[in-house]
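The values are calculated or read from the model by the stated rules, or taken from the named source; none is laboratory data. Note that the coordinates shown come from a computational prediction; the quantities given were computed from them, not determined experimentally. Methodologically, a virtual Cβ is constructed for each residue, glycine included, from the backbone with ideal geometry; neighbour enumeration extends over all protein chains shown.
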Amino acid sequence: MNERFCHPSDTHFFKQYLQYIDEELKDSESDLLYSVYFKNSKDRCFLYLLFEHQSTPDKWLRYHIIRYKTRVWDDSFKKYKEQEKLIPILSMVFYIGSSSWNFSPEFSDLICETPVNSKYIPKFEHLLWDFSGESIEFKGAIKAKIAHLLIQSHFHGKKYMQK
């Protein structure tokens with residue numbers, strides 16, 4: 001993990017905030033959202049972990065990510081009505097499909113050619129870990145880790161959400 005973030009085992013600073021699974025995508029994706037504080041700082045960001053299980057890459061994943069981000073920010077406004085700024089969300093995609101990921105991670109690449117100035121078009125990228133070229137055994141180990149995270153989330157997430 002990046003040195004600027006607290007280590008995940010430091011549960012005081014690393015806790016699950018929410019879990020989102022979109023009803024339309026629940027058979028192909030799983031996702032977790034963590035609130036992470038930077039070391040020696042009160043600044044934080046959300047780490048949005050999306051586990052992509054489809055056999056082929058999804059061109060529209062970037063669109064789903066921006067929808068998730070707005071849902072997170074909507075929930076944040078409901079909970080903290082006095083907030084003055086949005087907390088940044090770093091999206092991390094773990095792809096375990098059978099064919100290589102072949103789409104750009106940049107959201108603005110989904111927008112058609114247009115004379116509209118690019119400053120009016122949302123820009124963000126997601127980080128991508130493409131495990132498609134790995135062995136079946138390796139993918140099985142990754143899937144087991146994902147299942148472990150999801151189980152942990154199920155049993156421990158509710159206690160964090162009540163705080």
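Data table
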read-out: Boolean, Ser108 is of a type in the set (Ser, Thr, Tyr) and modelled with pLDDT of 95 or more; value: yes
read-out: For Ser99: the one exception among (1) closer than 13 Å to His53 by Cα; (2) at pLDDT 80 or above; (3) not in a loop (DSSP other than H, G, I, E, B); value: (3)
read-out: So Ser153, is it surrounded by 12 or more Cβ atoms within 10 Å (Cβ to Cβ) and modelled with pLDDT of 75 or more; value: no
read-out: Filter result (assigned to a loop (DSSP other than H, G, I, E, B) and either among the acidic types (Asp, Glu) or within 18 Å of the chain's Cα centre (by Cα) (or both)) within the range 102-133; value: Phe103, Ser104, Pro105, Glu113, Pro122, Lys123, Phe124, His126, Phe131
read-out: Checking Thr56 against (1) out of contact with any Phe, Trp or Tyr (no Cβ under 7 Å at 6 or more places or on another chain); (2) in a helix (DSSP H, G or I); (3) at pLDDT 65 or above, the condition it does not meet; value: (2)
read-out: Flag for Lys139 being under 27 Å from Ser98 (Cα atoms), surrounded by 13 or more Cβ atoms within 10 Å (Cβ to Cβ) and at pLDDT below 90; value: yes
read-out: Number of the exception - Leu90 against (1) part of a loop (DSSP other than H, G, I, E, B); (2) closer than 30 Å to Glu137 by Cβ; value: (1)
read-out: Top-ranked residue in the range 93-146 [being of a type in the set (Val, Ile, Thr) and free of Cβ contacts under 8 Å to residues at least 40 places away in the same chain; ranked as nearest to Thr56 (Cα to Cα)]; value: Ile136
